[in-house]
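Undergrad: Take a look at the following structure, please.
FYI, it's all coordinate maths here, none of it is from the lab. Since the model is a prediction, treat every value here as computed from it, not as a measurement. Ideal geometry is used to build each Cβ from the backbone, glycine not excepted, and the neighbour counts take in all protein chains shown.
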């Protein structure tokens with residue numbers, strides 16, 4: 001997405017929904033920041049699985065001091081115990097080593113991934129051990145800057161939908177209901193997601 005795309009998205013979303021309009025007005029200078037390095041984005045996605053953003057940031061800070069985030073070879077050679085000492089679980093430590101080996105073998109090709117549609121990217125990335133749909137969606141948002149991603153499995157998105165009245169507190173919606181809630185925001189569901197995330201956290205989300 002270009003800055004012009006972002007401006008168009010915020011204008012259209014604000015016209016469609018008063019709650020989103022209020023969030024867009026509340027954070028006038030915020031917009032999605034993408035990372036140019038696919039391997040680093042995927043590493044961060046693994047680190048962030050099923051934990052809070054604050055916890056993920058703390059673990060990432062330690063890991064990025066110990067290992068160069070741009071160097072898959074360093075991560076592939078890392079000892080599991082060293083990764084665990086930085087805060088990763090046993091399973092996540094194994095996942096990041098597997099991802100690094102996959103990257104070294106040419107399995108994270110930014111040109112090839114960029115040429116795929118969203119579901120094609122999801123199919124490729126979920127073929128890597130440790131990368132599920134949520135991680136692939138974070139890659140679509142934060143590396144490829146795809147405009148219409150609606151990560152219904154994201155706990156932060158679900159929480160924001162409750163906070164702002166799309167869902168009732170305590171609701172446990174089915175996937176189909178969450179998908180339906182995003183339909184009015186097409187083709188800018190990534191932008192809607194961004195503002196919903198932003199409403200929960202004073203620190204901008206970056207993977």
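Undergrad: Among 172, 92, 159, which comes first, then next, by fewest other beta-carbon atoms within 10 Å?
TA: So the ranking, lowest neighbour count to highest, is 172, 159, 92.
Undergrad: Between 112, 55, 93, which gets the highest mean-square fluctuation from a Gaussian network model of the chain, Cα cutoff 10 Å?
TA: Checking each option, the largest mean-square fluctuation is seen for 112.
Undergrad: Calculate for the chain the 222 nm mean residue ellipticity that helices alone would give, adding -39,500 (n - 2.57) per DSSP H run of length 4 or more and normalising by residue count, nearest 500 deg cm²/dmol.
TA: After summing the helix terms and dividing by the residues of the chain, the value is -17500 deg cm²/dmol.
Undergrad: Now for a different question. If I take the Cα coordinates of segment 38-142 and project them onto the principal axes, what are the three extents in Å, biggest first?
TA: 37, 28, 20
Undergrad: Any chance you could tell me what percent of the C-alpha pair distances in segment 11-80 go past 15 Å?
TA: So the pairs more than 15 Å apart make up 66 percent of the total in segment 11-80.
Undergrad: Angle check, please: helix 189-198 long axis (alpha carbons) against the longest principal axis of the chain (alpha carbons), in degrees 0 to 90, nearest 10.
TA: 80 degrees
Undergrad: On a 0 to 90° scale, report how tilted helix 90-104 is relative to the longest principal axis of the chain, with both axes built from alpha carbons and the result rounded to the nearest 10.
TA: The angle comes out near 80 degrees.
Undergrad: Can you give me the angle between helix 38-48 and the longest principal axis of the chain, using Cα atoms only, in degrees from 0 to 90, rounded to the nearest 10?
TA: Approximately 80 degrees, to the nearest 10.
Undergrad: Using the 10 angstrom Cβ neighbour count as an exposure proxy, how do 61, 29 rank, fewest first?
TA: Listed from fewest to most nearby Cβ atoms, that is 29, 61.
Undergrad: I would also like to ask the following. How much FRET efficiency would the formula 1/(1 + (r/R0)^6) give for residue 37 and residue 105, where r is the Cβ-Cβ distance and R0 is 25 Å, rounded to 0.05?
TA: 0.90
Undergrad: Which FRET efficiency value, to the nearest 0.05, is calculated for residue 70 and residue 115 with the Förster distance at 22 angstrom and r the Cβ-Cβ distance?
TA: 0.50
Undergrad: Once each part is reduced to its C-alpha centroid, what is the distance from segment 53-74 to segment 148-176 in angstrom?
TA: A separation of 29 Å, based on Cα centres.
Undergrad: Moving on. Sort all Cα-Cα distances of segment 86-207 into consecutive 10 angstrom bins from zero, then give the percent of pairs in each bin up to the one containing the longest distance.
TA: 12, 38, 33, 15, 1
Undergrad: Considering every pair of different Cα atoms, what Kirkwood radius, in Å, is found for the chain?
TA: Kirkwood hydrodynamic radius for the chain: 17.8 Å.
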